[in-house]
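Q: Take this structure, written in structure tokens, and hold onto it; I'll ask about it next.
Every number in this text was worked out from the coordinates using simple rules, so none of it is lab data. Remember, it's a predicted structure, so these values are computed and weren't measured experimentally. Because the Cβ atoms are built from the backbone with ideal geometry, glycine has one as well, and the counts that use them run over all protein chains shown.
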Amino acid sequence: MLAYIVRRLLYAIPILIGVNLITFALFFVVNTPDDMARMQLGVKRVTPEAIQKWKAERGYDRPLIWNAQASGADRLTATIFFDKSVRMFAGDFGRADDGRDIAREISLRMGPSLAIAVPTFVLGLLAAISFALLLVFFRATALDFAGVVLCVAMMSISGLFYIIGGQWLVSKMWHLVPISGYAGGFEGTRFLFLPVLIGVIGGIGGATRWYRTIFLEEISRDYVRTARAKGLAERVVLFRHVLGNAMIPILTGAVVVIPSLFMGSLLTESFFGIPGLGSYTIDAINAQDFAVVRAMVFIGSVLYIVGLLATDISYTLVDPRVRLQ
Amino acid sequence: MSVSMNAPLLSVRDLAVHLPVQGGMARPVDGVSFDIAAGECVALLGESGCGKSMTALAIMRLLPAGARIAGGTAEFEGRVLPTLPEAAMREVRGGGIGMIFQEPGTSLNPVLSIGRQIGEALELHLGLRGETARKRAVELLDQVGIPDPQRRLDEYPFQLSGGMKQRVMIAMALAGQPRLLIADEPTTALDVTIQAQVLDLLDGLRRDGMALLLITHDLGVVARMADRVGVMYAGQLVESAPRKTFFAAPAHPYSVRLFAAMPETAGRGGRLATIAGNVPAATTLHRGCRFVERCDRALAACHIAPPAWRNIEARDSAHRVRCAVMPCDAAATVKVDAQHTVVLSAPTPLLEVVDLKMHFPIRSGILQRVVGQVRAVDGVSLNLAAGRTLALVGESGCGKTTAGKAILQLLRPTAGSVRLAGDVVTGIRADVMQMVFQDPFASLNPRLRIGDIIAEGVRATAGQRAPQRVAQIMGQVGLTDDMVHRYPHEFSGGQRQRIAIARALAADPCLLICDEPTSALDVSVQAQILNLLSDLQRQLGLAYLFITHNIAVVDHLAHEVAVMYLGRIVEQGSTEAVLRDPRHPYTQALLAAVPRLDGTRPETVLAGDLPSPANPPAGCHFHPRCPLASAACAGAYPPPVHLGDGHTVACFAVTAHSPR
Amino acid sequence: MMGLPQPVLLWSDALLFMLIAAVVALAWWARQQEPLRAAWAEVGRSPVAMASATILAVFLLIGLLDSLHYRARLADSPATSAAPQYSVEVSSALDALLTKLRTRSEKTYSAPLATHLYAKETAENSPQRDFPRLKYGGAHLGEQLARQDADIAVRTLRGVAAGVLCWLLLHGLMRLIGRPTPAMSLTLLLIAMLGGIAVSLSAGYHVFGTDKVGQDVLYLSLKSVRTALLIGTLTTLVMLPVAVLLGILAGYAGGWIDDAIQYIYTTLNSIPGVLLIAAAVLMMQVVIDTHPDWFATAAERADARLLALCLILGMTSWTGVARLLRGETLKLRELEFVQAARAFGVSDWAIMRRHILPNLMHIVLIALVMDFSGLVLAEAVLSYVGVGVDPSTTSFGTMINAARMELAREPMVWWSLVAAFGFMFTLVLAANLFADVVRDAFDPRRAR
């Protein structure tokens, strides 16, 4: 099993390198730094000096991957590729356009992101699994049918609508919680209530339907018939036998996103004014701050790969076939 | 609960199951009545789709979604099962009636330990928990013959072999101390030596007083196990008799034909009796006898009204039959034109296989290095002459299918040579060798028309004459021209196998490798395909390499036999020599394990499971299970001993002159 | 006198028409295929599917009308001139049909069916700030504003009557061709009545009000349909060839080819989708902005951006389908009919084409219909994030984005949002319901 985990870890390395190469190509090869400078400075009022200055401020005035002018190791290191891409592996993301250190900004903004994302994820998962089990328990009845129709209807509503509608209803009409904002500590829970609620409701339709499908597939298997032939009650069959087996596909979908919770949610954070990584990203996109976007792409990929690894490890917990081989 | 001595344990009356389907109502069970007394074994016999499994599931009220009990009743120890409240029904399930299923591989929960799965039945029905439950579970595993039960309790189903899983299923079914065990095709998925072990186990339980409802399609298993037999056809029982009477003189024309279609009953190389047509669909509404369309003795009355039950002997109600044609002397009427086709062995072999090896690497560790080899085929040598049939016999996992694919070059052999008519074969030779596969449902592309499927083979060789050639071949295998535009799903299993044979013939090969071509078919359809194969051999001079586990089929059509065990051939020779005078202990055990129609039991049942080909026992692979094993057997693999007439055996215990 | 307009074929139009042609060809092919025909027959028997299909067909009709583009001949250019002059503005057949809706712009916000603007203004000849009358909305009422309710009721009834009449006509026509199911007829009746009401009311009012610059919201909603349809279909279309080819190749070939393809899609997958799209869109925007000479008209530029968005969305979403196809190919490869084909010496390419691909088509179809609704919803989010379609392209996303700014206003300007969400919900719900039935009919594992 250890060999299995080590192998998965080793497999992550080429993927990270691949991600790095793709982002480098996307940010520096598709458009040259000159093009970007022209864009940012405004196509019309641009002078060669302004471009040079813009590039120098950001360290984009070096050659892309090979510095012929430099000597020794500098030929490789005094380049944009080394400076902007390779250094990311060491956690050095450089500075944003406003001059702040990106790594520090990220560490500050992680907390608020997690404060929203973790409760949303946990409550959403629990709610969806419970509803799915309920529907499966009453399968092929009117309740099941109504539940599925409701799920499809909820899936068909835009996420933006949930946020806008929720803010309007709960905060503006009922004045239950503040419409947006954030505070740390216990005081902050009143700010968290609405975004978490909306996050859970927004995702529940699709998740419930997906889990219901998984449960139904499991319930048609032979071992479920064996469990019933033993005389077990339907409740026991569902919770002990079906749920245990269904955890395998459910984990595939759920565990992989856990590390990515750090990234926060773009929409929720920006609508509710949460100072997390999601709103950081969206602000960077709107301000076309490429250094921040690049850093977020890299971190997102690392977290996804950690998620893949966590999924592999979680299999060993629920599936004896993986654990014991 | 006190039950009077004479009352049957289970009494089923006019049971009917309805299942709404597209375009009508299926009636998979349509008025079935039978009794089982305490400690009795009743067998429900029938081909696929006759409603026997559905009957069992209806008794347990475990019908699939949509199906419901539409009429009749089933009374168990005085409780009327169809109307019992669900809570009381759960006590009957497991507590009164235990059930085991056909596929032990999928019938156990893969993520719960064996102990847990047995334990929950113990807790439910006996209220046992903790240490007492564990002790009882160990006893149960011990009772069903699982070695080292303490350790097995903490294992998971994937760590057990198929036979072990079925034993665990039985232990689980026994946990609630039921009085009746329903066994739905309990050994169909198992190898014949393992089948013998499981049947022994079930027989032992019955002797201890357990009643058994055995559901099977296998006449041999019925002969071995049952006290009474009920033959099912199209949702109804058509004949009911004590075992001895039934096997001595089956009365219903369907039963009679079923016997005649068994390869055991026809002489070697002779033609098998077949039953024309197919079992009617479960949605059919019947007016007369359900068998009338396929019966060669049907009277006018048979078409008009369903026949009533009648006793064979006027005063004896034990043997009854639902047939209007009486007295039923159908047995005498099955005429089979027994024409022996003795082809004398040709001088030069068509196929020569020398020391064929097919190894698959096992990778492990961080860098996925090759740490071992699965020796699926490990030095197989065969000779096959034109126009002859060589049967490659063995249990699942012995490497016989892999050997077939390696000979065909579908898999590139690791070592060894394959020669066809003297030429070394290195790539696919579509025009010489073709293959017929096991599963007629997986072997035809569902998106191609029958004509296109066969034309694919023609194109490999014939070129432009394709349409005429397709029509010609379809005629040869008994298909009609109008089928070319239809799709595979419109055909039954037997017809699909004909199409697969036609496709193989299209390339005009002289050698057909048949990989279990009839094991997925019912016995009456199997007879049609076996007849077709022998006709084709006679007409076209084809040679067959026939891969199978079915000894009866081998006996019926093979000229020579090679017996495989764990990647090697342990014995080969003429069919007569190998089957009548088996010399290798494995061959002897294999032949003994086959259930016989006369109901006799094997003196010895082979213990243990087939070892893994990744890690075969040292020396002779068979020695851990061999009754004759000596110290030398663990030391080296025995060289072949030639007994004359091409009969060779790889065993230290056999010498060229040793008398049997 | 106006001369003939100059037809314009935008890239997205061409692709959309090609897509429709492909769908028609596929449908014709599927009719020959017995198993496929049976599956479609099952879809046809489902009332839910037929009702959804009818709604989707209406949306498709709107989208198609909006894809017949042209440049109007300028009125002042002589009709006989050798080089006639055309408007720089690209219009569509839908624009021509909705000329009144398009041209009757108010000054700024007005509520649905209103007769006055939503904001007070200082009138020219009076010192008081008041809600000024609309230029078009309710203009026919003159000073008799009290008549408005009665007028609306009469127009509604007239609309219903006209709708029913249209429906009778259409229904008669459909019966000539085939047999519409009851579900189709009812849905069509409902749509005809709603359409009748909308047409009848919009002659005198702005049914869904007007937006910040006074544009009719109903017109904007109808224009958004094409964008949503394009993103929902073209995205899947551009990704399909890649996904199908790589998925089958990985599954069938195995070995290093499989490793390489798996590596590519795991790597692409590991970049968070929104960020990859954002980065790619930002970069693409730089490319478009630095090459203004590539595009003759603003419409062409917006169209290029729309297509690029589809391409980017497709490139980031092909991985799921490819993985699915790879897994299924792995199973198919071991099936006996593939082995039989190999025993005939059929080449690998021919096996993939004849034996593997046709048996995967149901997955491709299911992916196509299942992805559609997700993509329509994604467009709204991306446009909100600022990496969606060109701001000049009308879409549900841009509508919501524009309306969002006014949420804080008291009283709220809600109609743009409600219209956009309402149209989007109808489209996505219909697509989801249809997709469900299609999946149930085509997925062999769900065969009942």
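Q: From the mean inverse distance of alpha carbon pairs (Kirkwood) and the Cα radius of gyration, derive Rg over Rh for region C:221-305.
A: My calculation of the ratio gives 1.09.
Q: Return the average number of partner chain Cβ atoms within 10 angstrom of each residue Cβ along peptide C:260-271.
A: 5
Q: Give, rounded to the nearest 20 debye, the magnitude of the charge dipole that chain B has about its Cα centre when Lys and Arg contribute +1 at Cβ and Asp and Glu contribute -1 at Cβ.
A: 600 debye
Q: In terms of the Cα gyration tensor, with a ≥ b ≥ c the square roots of its eigenvalues, is region C:135-187 rounded because a/c is under 1.5, prolate because a/b exceeds b/c, or oblate?
A: prolate
Q: Sort all Cα-Cα distances of region C:180-273 into consecutive 10 angstrom bins from zero, then give the percent of pairs in each bin up to the one containing the longest distance.
A: Pairs per bin, as whole percents: 12, 22, 21, 15, 18, 10, 2.
Q: Moving on to the next point. Ranking C:HIS362, C:HIS171, B:HIS252, B:HIS489 by Cβ neighbours within 10 Å, fewest first, what do you get?
A: Listing C:HIS362, C:HIS171, B:HIS252, B:HIS489 from fewest to most nearby Cβ atoms yields B:HIS489, C:HIS171, C:HIS362, B:HIS252.
Q: Sticking with this one: Can you give the log10 of the normalised intensity I(q)/I(0) at q = 0.19, 0.20, 0.21, 0.23 Å⁻¹, computed with Debye over equal Cα scatterers of region B:481-591?
A: Rounded to two decimals, the profile gives -1.05, -1.13, -1.20, -1.34.
Q: To continue, here is another question. Each residue of region C:425-439 in turn: what ³J(HN,Hα) in whole Hz from Karplus with 6.51, -1.76, 1.60 and θ = phi - 60°, glycine and Pro shown as x?
A: Running phi through 6.51 cos²θ - 1.76 cosθ + 1.60 with θ = phi - 60° gives 4, 4, 5, 5, 4, 4, 5, 4, 5, 4, 4, 4, 5, 4, 5 Hz.
Q: Towards the positive end of the charge dipole of region A:23-146, with charges on Cβ (+1 Lys, Arg; -1 Asp, Glu), say which of A:THR47, A:PHE137, A:PHE27 has the farthest Cα.
A: Working it through, the farthest residue towards the positive pole turns out to be A:THR47.
Q: Using Cα springs under 10 Å in a Gaussian network model of chain A, which residue among A:THR23, A:THR141, A:THR120 shows the largest mean-square fluctuation?
A: A:THR141
Q: Here's another thing I want to ask about it. Report the per residue volume, in Å³, of the convex hull enclosing the C-alpha atoms of region B:571-660.
A: Residue-normalised Cα hull volume stands at 117 Å³.
Q: Stokes-Einstein D for the protein assembly as shown at 20 °C, 1.002 mPa s, Kirkwood Rh over Cα pairs, in µm²/s?
A: 57 µm²/s
Q: How big is the dipole moment of region C:8-119 about its Cα centre under a simple scheme where the beta carbon of each Lys and Arg is +1, that of each Asp and Glu is -1, and everything else is neutral? Debye, nearest 20, please.
A: That gives region C:8-119 a dipole magnitude of about 180 debye.
Q: Along the Cα→Cβ direction, 7 angstrom out, place labels at A:ALA142 and A:LYS172. What is the inter-label distance in nm?
A: Here the modelled spin labels are 3.7 nm apart.
Q: With a point put 7 Å past each Cα toward its Cβ, work out how far B:ASP581 is from B:ASP14 in nm, to one decimal.
A: Label at B:ASP581, label at B:ASP14, 6.2 nm between them.
Q: If you don't mind, there's one more thing I want to ask. Take the Cα pairs of region A:1-101, get the Kirkwood Rh, then feed it into Stokes-Einstein at 20 °C and 1.002 mPa s and tell me D in µm²/s.
A: Reported coefficient: 137 µm²/s.
Q: For region B:389-431, with only Lys/Arg (+1) and Asp/Glu (-1) charged at the beta-carbon, what is the dipole magnitude about the Cα centre, in debye rounded to 20?
A: 80 debye
Q: Is region A:104-324 rounded, prolate or oblate when judged by the Cα gyration tensor, a ≥ b ≥ c being the square roots of its eigenvalues, rounded requiring a/c under 1.5 and prolate requiring a/b larger than b/c?
A: Oblate, since a/c reaches 1.5 and b/c is not below a/b.
Q: Please compute the contact order of region B:8-249 in relative form: average sequence separation of alpha-carbon pairs under 8 Å and at least six residues apart, divided by the residue count, as a percent.
A: So the answer I get is 29 percent.
Q: If you don't mind, there's one more thing I want to ask. Check the straight Cα-Cα distances from A:LYS55 and name the lysines below 19 Å, setting aside those fewer than 8 residues away within the same chain.
A: Straight-distance partners of A:LYS55: A:LYS44, A:LYS84.
Q: Please report the antiparallel percentage of DSSP beta bridges with both residues in the protein assembly as shown, rounded to the nearest 5.
A: Of the beta bridges lying entirely in the protein assembly as shown, close to 65 percent run antiparallel.
Q: Is chain C rounded, prolate or oblate when judged by the Cα gyration tensor, a ≥ b ≥ c being the square roots of its eigenvalues, rounded requiring a/c under 1.5 and prolate requiring a/b larger than b/c?
A: prolate
Q: How well do other chains shield peptide C:283-290, expressed as the mean number of their Cβ atoms within 10 Å of each residue Cβ?
A: For peptide C:283-290, the averaged partner shielding equals 5.
Q: May I pose another question? Can you work out the FRET efficiency for the pair A:VAL118 and C:VAL48, with r the C-beta to C-beta distance and R0 = 35 Å, to the nearest 0.05?
A: 0.40
Q: Largest first, please: the extent of the C-alpha atoms of chain B along each principal axis, to the nearest Å.
A: 76, 66, 53
Q: Starting at the first residue of region A:268-279, write each ³J(HN,Hα) from the Karplus equation 6.51 cos²θ - 1.76 cosθ + 1.60 with θ = phi - 60°, in whole Hz, x for Gly and Pro.
A: Coupling constants for region A:268-279: 4, 5, 6, 5, 9, x, 8, x, x, 6, x, 5 Hz.
Q: Can you tell me the relative contact order of chain A? Whole percent, Cα pairs under 8 Å, sequence separation 6 or more.
A: Value for chain A: 22 percent.
Q: A follow-up question, please. Grab the beta carbon distance between A:LEU41 and C:ALA146, set R0 = 56 Å, and tell me the FRET efficiency rounded to 0.05.
A: Taking R0 as 56 Å, the efficiency between A:LEU41 and C:ALA146 is 0.40.
Q: Report the percentage of all Cα-Cα pairs in region B:443-508 whose separation exceeds 15 Å, rounded to a whole percent.
A: I get 39 percent for the Cα pairs in region B:443-508 exceeding 15 Å.
Q: Would you list the P(r) distribution for region B:8-249, with all Cα-Cα distances sorted into 5 Å bins from 0 and each bin expressed as a whole %?
A: Going out from 0 Å in 5 Å bins, region B:8-249 shows 1, 7, 14, 18, 19, 17, 12, 8, 3, 1, 0 percent.
Q: Evaluate peptide A:16-24: per residue, the Cβ atoms of other protein chains within 10 Å of its Cβ; return the mean as an integer.
A: 3
Q: Give me the percent of DSSP beta bridges within chain B that run antiparallel, rounded to the nearest 5.
A: In chain B, DSSP labels about 60 percent of beta bridges as antiparallel.
Q: Separate question: Could you tell me which residue out of B:ALA260, B:LEU205, B:MET164 lies farthest along the dipole of region B:151-302 toward its positive end? Charges go on the beta carbon: Lys and Arg +1, Asp and Glu -1, centred on the Cα centre.
A: Farthest along the dipole direction, towards plus: B:ALA260.
Q: Something else now. Using 7 Å Cα-to-Cβ label points, what is the B:ALA636/A:LEU243 separation (nm, one decimal)?
A: The modelled label-to-label distance comes out at 6.2 nm.
Q: For n ≥ 4 DSSP H runs only, could you compute -39500 (n - 2.57) per run for the protein assembly as shown, divide by its residues and tell me the 222 nm figure to the nearest 500?
A: It lands at -15500 deg cm²/dmol.
Q: Additional query: How long are the semi-axes of the ellipsoid equivalent to region C:223-441, from square roots of 5 times the Cα gyration tensor eigenvalues, in whole Å, largest first?
A: 39, 20, 14
Q: What FRET efficiency comes out for the pair B:GLN150/A:LEU317, r = Cβ-Cβ distance, R0 = 25 Å, nearest 0.05?
A: My answer for the efficiency is 0.50.
Q: Right, another one. Tell me, what is the percent relative contact order of chain C, built from C-alpha pairs under 8 Å that lie six or more residues apart?
A: Over chain C, the number comes to 20 percent.
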